[in-house]
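Student: Mind having a look at this structure? Questions to follow.
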Amino acid sequence: RKYINPDEFGGAGRMFAQFVIDVGASIGVHEHKGEQEVYHITEGKGEYTDNGEVYEVGVGDTLACFDGGSHGIKNIGDCPLKYTALITFVK
C-alpha cells in the first residue's frame, strides 16, 4: 500500500509504503546506494539482517539502512509481518 507516489516526493525520495510479508517469506538482503531506508514494524515478528548482523525484531521497532549498507527482513512469526518503509535519497 503506497502512502505517497514517487512523483510526490519533490526529488527527495522514492517510496513511502506499507508492506506485508507472509509467514516464512522474506524480501531478501539488498544494498542501498545513494539512498537510505527506514522500516517501522507495525505487526508480527521478523528476523532483520543489517550489514551481515541478524536481529529479531517486532512491533514498535524502527530500523535504518543507510547509504552503502545492506539489509533484509524475513517473517519468523505465525502471522503476517507488516511494516512501513520510507526510502529517501542521499545528496
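Student: If we scan region 5-17, do we find a residue that is part of a loop (DSSP other than H, G, I, E, B), open to solvent by 60 Å² or more (accessible area, probe 1.4 Å) and at positive phi?
Tutor: Within region 5-17, one or more residues are part of a loop (DSSP other than H, G, I, E, B), open to solvent by 60 Å² or more (accessible area, probe 1.4 Å) and at positive phi.
Student: Which numbered condition in (1) in a strand (DSSP E or B); (2) open to solvent by less than 40 Å² (accessible area, probe 1.4 Å); (3) modelled with pLDDT of 95 or more is the only one that Gly77 fails?
Tutor: All conditions pass for Gly77, except number (1).
Student: Right, another one. Any idea which residue in region 27-74 is surrounded by the fewest Cβ atoms within 10 Å (Cβ to Cβ), counting only those that are outside any loop (DSSP other than H, G, I, E, B) and among the hydrophobic types (A, V, I, L, M, F, W, C)?
Tutor: By that ranking, first place goes to Val54.
Student: Of the conditions (1) of a type in the set (A, V, I, L, M); (2) over 14 Å from the mean Cα position of the chain (by Cα); (3) not in a loop (DSSP other than H, G, I, E, B), Leu86 clears all except one; give me its number.
Tutor: (2)
Student: Continuing with this model, one more query. Considering region 51-91 alone, what residues qualify as being free of Cβ contacts under 8 Å to residues at least 40 places away in the same chain, of a type in the set (Gly, Ala, Ser) and farther than 18 Å from His32 by Cβ?
Tutor: Scanning region 51-91 gives Gly58, Gly60.
So that you can scan it fast, the table gives a plain yes or no per residue for (1) in contact with a Pro (Cβ under 7 Å, 6 or more places away or on another chain); (2) under 22 Å from Tyr3 (Cα atoms):
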| position | (1), (2) |
| --- | --- |
| Asp22 | yes, yes |
| Gly28 | no, no |
| His32 | no, yes |
| Gly46 | no, no |
| Glu56 | no, no |
| Phe66 | no, yes |
| Gly77 | no, no |
| Thr84 | no, yes |
| Val90 | no, yes |
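Student: Next up: Which of (1) more than 17 Å from Val20 (Cβ to Cβ); (2) touching a strand residue (DSSP E or B) at 6+ places or on another chain (Cβ under 6 Å); (3) open to solvent by 30 Å² or more (accessible area, probe 1.4 Å) is the odd one out, the single condition Ile87 does not satisfy?
Tutor: With (1) more than 17 Å from Val20 (Cβ to Cβ); (2) touching a strand residue (DSSP E or B) at 6+ places or on another chain (Cβ under 6 Å); (3) open to solvent by 30 Å² or more (accessible area, probe 1.4 Å) applied to Ile87, the lone miss is (3).
Student: I would also like to ask the following. If a residue must be of a type in the set (Phe, Trp, Tyr) and either without any contact (Cβ under 8 Å) to a residue 60 or more places away in the chain or in contact with a Pro (Cβ under 6 Å, 6 or more places away or on another chain) (or both), how many such residues does region 10-20 contain?
Tutor: The number of residues fulfilling the criteria is 0.
The values are calculated or read from the model by the stated rules, or taken from the named source; none is laboratory data. On a predicted model such as this, the values are computed, not experimentally measured, just so you know. Heads up, the Cβs are rebuilt from the backbone with ideal geometry, glycines too, and the neighbour counts pull from every protein chain shown. Each accessible area value is taken on the protein alone, full model and side chains, heavy atoms only, with ligands, DNA and RNA left out. Shrake-Rupley method; radii C 1.70, N 1.55, O 1.52, S 1.80 Å.
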